[in-house]
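I have placed the structure first, in the form of structure tokens, so that the comments after it can refer back to it.
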Amino acid sequence: MAEHDPPAAKVSAAGRKARRSRDKRRKAARGKARKSASGAPKPEVRPTGGAPGETAASPREPQQAALSPPQAPPERTAAPVRAAAFEDRGPVASANGLPGRPSGPGPRQAYAAIDLGTNNCRLLIARPSGDNFTVIDAFSRVVRLGEGVAQTGRLSDAAMERTLSALKVCADKLMRRNVFLARSVATEACRRASNGDEFIERVRRETGIALNVISAREEARLAVLGCHVLLEDGLGPAMIFDIGGGSTELVLIESTGTVPRILDWQSVPWGVVSLSESCGQEGATEAERLARYRHMRELVAESFAAFARRIEPSRDGAAEAGPLRLLGTSGTVTTLASLHLELPQYDRRLVDGLVVPAASMRAISTRLSSLDLAGRRDIACIGRERADLVVAGCAILETILDLWPADRLGVADRGIREGILRGLIAAHGGAGDQPPRTAGGAFAAAGDPS
């Protein structure tokens, strides 16, 4: 029965005759159309835009077609991600043009965190799992975004290209894992560089990742939120620190039943990259290398001085209550912990959560500070990527051990990314800890060094 025709029982004889006549005319018209089409040449397909030789489906074309549900999603290998997909604006249902994207969080939804530091670009993708989360994908690459910033005040072209390459990998992973919500942060290099904002906009334009340049205060908070679960049990205040590429954060906390209470904090502009570059080239002799190391220690100690005076009463009180507790999260502490274990290669399962005698960390630091670059490169778990920066990390670590002289050091291979994930999952209906609370406005009282 033809669409919109009335039921057959209500069609008159005259109507049936007229309908048969119409059907004959339609069949004749269709036959003529087929005959005409069989001898006609195929129309030429011309690109509607883009570079010569590209078709309308070229990856350089805007992805308007991908927004139409009947069409297939674009090839993901090109990773032409729309900016709205990963901006920190809440749920992003179908924001990247992929049809069928869920509109809200579910038990299998993925969350992501990107931490773009002065030295590394790191990504973590996870799903909520009870009171914690399960990591389903991760990425880390040394990009040295802050290389040269201490001297020029600007991000170099080479450093930006390296970082963009890593962030494009991150964007592709976010698409492939169908991430529900992501938060992406940048730290000291972008805070300090005069062209940091320009670079952030370029990242958004070329990768779709909307980086948020966070303050040193927020950086410290996220680091604590991400690793505090590894702090040893005990009474009284404890110290958590994060040695980065361009800055170091120290946070004095007090343990509670859930997340720690922040008593005081400090951020100083010395990380493994900024301190290495500010102290010039390594010496040719062991005496020159040790002199450079002492200079590093002096610079860091001077920057810690005000904080050291503020926390002296808390340190004395904590020592009376029991052993001082200290927890570090950084490439420096995980690398030195690997050397303490004499691992042939780095193994996160053996390092994350390890507690190491502080004396062992000092002995390793002293040894590394006397070696030349080639000698450090030959050591397992250091290699070429960390060989020129590990001495600065040792100088910062030893100065922290002077400031908070704990007998044992907890080691965390977790930090800002885990802190971001816990915050995202807790805020959007999943499990996870709430952000650490401040005590008596400690952040406001200490100021924001950034």
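Results, tabulated for the structure shown:
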| item | result |
| --- | --- |
| Condition broken by Glu218, with the remaining ones in (1) without any contact (Cβ under 8 Å) to a residue 60 or more places away in the chain; (2) among the charged types (D, E, K, R); (3) within 18 Å of Leu164 (Cα to Cα) satisfied | (3) |
| Residue tally, condition part of a loop (DSSP other than H, G, I, E, B) and over 15 Å from the mean Cα position of the chain (by Cα), over the stretch 144-171 | 7 |
| Any hit, the stretch 193-202, residues being in the same structural domain as Ala319 (by TED's automatic domain parsing), surrounded by fewer than 22 Cβ atoms within 10 Å (Cβ to Cβ) and not β-branched (Val, Ile, Thr) | no |
| Residue among Glu312, Glu302, Glu277 that is over 31 Å from the mean Cα position of the chain (by Cα) and among the acidic types (Asp, Glu) | Glu312 |
| Matching entry among Asp413, Asp388, Asp347 (being assigned by TED's automatic domain parsing to the domain that holds Leu275, under 22 Å from Arg141 (Cα atoms) and free of Cβ contacts under 8 Å to residues at least 24 places away in the same chain) | Asp347 |
| Test: Val185 is in a helix (DSSP H, G or I), β-branched (Val, Ile, Thr) and closer than 14 Å to Leu116 by Cβ | no |
| Ala210 crowded, with 24+ Cβ neighbours inside 10 Å and touching a residue at least 40 places away in the same chain (Cβ under 8 Å) | no |
| Residues that are part of a strand (DSSP E or B) and touching a residue at least 24 places away in the same chain (Cβ under 8 Å), drawn from the stretch 122-140 | Arg122, Leu123, Leu124, Ile125, Ala126, Pro128, Ser129, Asn132, Phe133, Ile136, Asp137, Phe139 |
| Looking only at the stretch 221-266, and only at residues there that are touching a Ser or Thr at 6+ places or on another chain (Cβ under 9 Å) and of a type in the set (S, T, N, Q), the one that is surrounded by the most Cβ atoms within 10 Å (Cβ to Cβ) | Thr248 |
| Unique match (being closer than 30 Å to Thr152 by Cα, part of a helix (DSSP H, G or I) and acidic (Asp, Glu)) among Glu302, Glu282, Glu312, Glu249 | Glu302 |
| One residue from Thr329, Thr285 being in the same structural domain as Gly383 (by TED's automatic domain parsing), surrounded by fewer than 15 Cβ atoms within 10 Å (Cβ to Cβ) and of a type in the set (Ser, Thr, Tyr) | Thr285 |
| Residues (farther than 16 Å from Ala301 by Cβ and not in a loop (DSSP other than H, G, I, E, B)) located in the stretch 252-267 | Leu252, Ile253, Glu254, Arg261, Ile262, Leu263, Asp264, Trp265 |
| Scope the stretch 221-247; condition of a type outside the set (A, V, I, L, M) and farther than 26 Å from Ser165 by Cα; matching residues | Arg221, Gly226, Cys227, His228, Glu232, Asp233, Gly234, Gly236, Pro237, Phe241 |
| Counted residues, the stretch 172-182 - those being surrounded by fewer than 16 Cβ atoms within 10 Å (Cβ to Cβ) and part of a loop (DSSP other than H, G, I, E, B) | 1 |
| Candidates Glu277, Glu288, filtered to the one that is more than 21 Å from Thr335 (Cβ to Cβ) and in a helix (DSSP H, G or I) | Glu288 |
| Residue match in the stretch 356-376 (condition: small (Gly, Ala, Ser), farther than 16 Å from Arg408 by Cα and in contact (Cβ under 8 Å) with a residue 40 or more places away in the chain) | yes |
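The values are calculated or read from the model by the stated rules, or taken from the named source; none is laboratory data. All figures in this text were calculated on a predicted structure; none of them were measured in a lab. Using ideal geometry, Cβ is built from the backbone for each residue, glycine included, and neighbour counts are taken over all protein chains shown.
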